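The values are calculated or read from the model by the stated rules, or taken from the named source; none is laboratory data. Just so you know, these numbers come straight off a predicted model, no measurement behind them. Cβ placement follows ideal geometry from the backbone for every residue including glycine, while neighbour counts extend to all protein chains displayed. Please note that ligands, DNA and RNA were not included when accessible areas were found on the heavy atoms of the full protein model with its side chains. Shrake-Rupley method; radii C 1.70, N 1.55, O 1.52, S 1.80 Å.
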Amino acid sequence: LSPPGHRPLVASRAVRAVHTDFLGLMKTSRLAKQLLNDAYGAPHLRLDRSDSDLTHALDGTVEGISPSLSFPPATPPHMRAPLRTRAGYFHIIMIALFVGVVCGVFASAYKYALDVCLRTVWMELMPKVLSDTSTQWYAVPRWFAIPLVASFLGLNVGLFTYMLGEQLPNLPGLVGWFHEHGSLPMDEVPSIAVVSTISIVAGGSLGPEAALVAIGGALASYISSLFDLTKPDRLTITLCGMGAGLAAFFGDPIGGAIFALEVPHRYGIEYYEAFVPAVVAGLACNMVFRMLLNLPQVAIWAFDEEPPAPPWRTIIGLPIGILGGLIGVLYAKIFVFVQSKLPAVKTADGALRPRVMMLRGLFAGVIFGMIGALVPETLFWGEDETQAIIDGVTKLPHVWPKTGILGVRDRQNPGWLLIIGFSKLLAIAATTLGDFRGGVIFSFLFSG
């Protein structure tokens, strides 16, 4: 429709007209999509190097196409992906490898500190405190340790959140920030690490994955700023750090990479162009993480040997999936309703309300602490507790005492398993509504 030299300009007009509704763009004419792909560059297309005008226009960044083609900050980063980048592919792979090694060191340090805190509070401090009262007339039952720790540390979650500044709200907050800026902030890493550690040690149903994603992504964003990289290249390296943190958490580099590339998406496209660098970073991080902590490379959970299942058994997953989806919808609606009734942690002008923050943490700790006193299996993020559900004999690894108010229960009993599952959902809701920090991946897996 226009001379070759004007194609980027024409495409930029088309982009400006539709950049606020990317899904709508997918339904427009083939001509509009071709204009966008020619001038802007879809990551999966190859550049026709015979087109010298287009080659000159695509100079590694979107801004190189046309001065008028400037996206607002809230535009999803995948719309800023280049057709080609300034840095060579080998250069990106080497940076991803370095990012994986650095993230492995920091992830192992975080995991070591978390384990020390869990062991000190639950296995050393609480048995000593309560055993000192066993000979007194005011002897305290052992199960009282659970709500005591949960409520006290819940109060401290609100206190430290106020003192260190409000952090990004768990994994959805990290994803939102990533969508808006294409990177993760380094200055929030210390506060996220501290508050998430307190949240986890309190026994809340949130895991360390959000902190590991924040640490890995922020480190990667900082490292990428040290090199002469384009914005899309820096975005790729940030994804490598996010995937590396999850690879250490899952113990699976490929699974961590895939999760990191999928979780930021609500627009129907994966960051598939960053898959190989993210896997490289995940492999390096996982190796360093397990070497420093002397952890074996084994599956998270162990299942008994079973004979091959007949094909018809797969059908059982259909009603289970429908039931799980309905429970999920009901859970989400109740959660949103309860959240709307809680007092806000900020004033109208954006100032934090420390009293509200501390009270929300305190009451959340009391709620999931009492749930944990009744059903100890619901405490913590569920990764290690799941093995106790699978085989029915493994002891709970973190909590003391190992049994609650109701005593020893049969973990293979269907009725008790239903109580555990729904109690876990209540514990997740209480922990999240109390503004604790962490991830819910393994918690929901445990509940399911």
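Does G350 satisfy the condition of being within 23 Å of the chain's Cα centre (by Cα) and open to solvent by less than 50 Å² (accessible area, probe 1.4 Å)? No.
So, A260, is that one modelled with pLDDT of 85 or more and open to solvent by less than 10 Å² (accessible area, probe 1.4 Å) or not? So A260 does not fit the description; no. For the stretch 308-316, indicate whether the set of residues that are at pLDDT below 90, over 19 Å from G176 (Cα atoms), polar (S, T, N, Q) and loosely packed, with under 15 Cβ neighbours inside 10 Å is non-empty. There is at least one residue in the stretch 308-316 that is at pLDDT below 90, over 19 Å from G176 (Cα atoms), polar (S, T, N, Q) and loosely packed, with under 15 Cβ neighbours inside 10 Å.
Could you please let me know if F363 is in a helix (DSSP H, G or I), farther than 19 Å from W122 by Cβ and not hydroxyl-bearing (S, T, Y)?
Spelling it out, F363 is indeed in a helix (DSSP H, G or I), farther than 19 Å from W122 by Cβ and not hydroxyl-bearing (S, T, Y).
N413 meets each of the listed conditions (1) touching a Gly at 6+ places or on another chain (Cβ under 6 Å); (2) surrounded by fewer than 24 Cβ atoms within 10 Å (Cβ to Cβ) apart from (1). Against the condition crowded, with 21+ Cβ neighbours inside 10 Å and among the β-branched types (V, I, T), how does I200 come out, does it pass? Judged against the criteria, I200 is a match.
Pairs are defined by a Cβ separation below 8 Å, a sequence spacing of at least 6 or placement on different chains, a first member in the stretch 405-434 that is under 21 Å from I367 (Cβ atoms), and a second member that is of a type in the set (K, R) and surrounded by fewer than 21 Cβ atoms within 10 Å (Cβ to Cβ); the pairs so defined are W416/R409; I420/R411.
Of all the residues in the stretch 286-328, those that are aromatic (F, W, Y) and under 21 Å from the mean Cα position of the chain (by Cα) number 2.
Filtered by the rule that a residue be under 18 Å from C117 (Cα atoms) and without any contact (Cβ under 8 Å) to a residue 40 or more places away in the chain, the stretch 366-401 gives D384, L396, P397.
Of the residues making up the stretch 240-257, those that are open to solvent by 40 Å² or more (accessible area, probe 1.4 Å) and not acidic (D, E) number 1. Taking every residue in the stretch 331-355 that is polar (S, T, N, Q) and pairing it with any residue that is open to solvent by 60 Å² or more (accessible area, probe 1.4 Å), at least 6 positions away or on another chain, the pairs with Cβ-Cβ distances below 9 Å are T347/R353.
When the residues of the stretch 356-405 are filtered to those that are touching a His at 6+ places or on another chain (Cβ under 9 Å) and acidic (D, E), the one that is most open to solvent (accessible area, probe 1.4 Å) is D384. Number of residues in the stretch 402-416 that are touching a Leu at 6+ places or on another chain (Cβ under 8 Å) and of a type in the set (D, E) equals 0.
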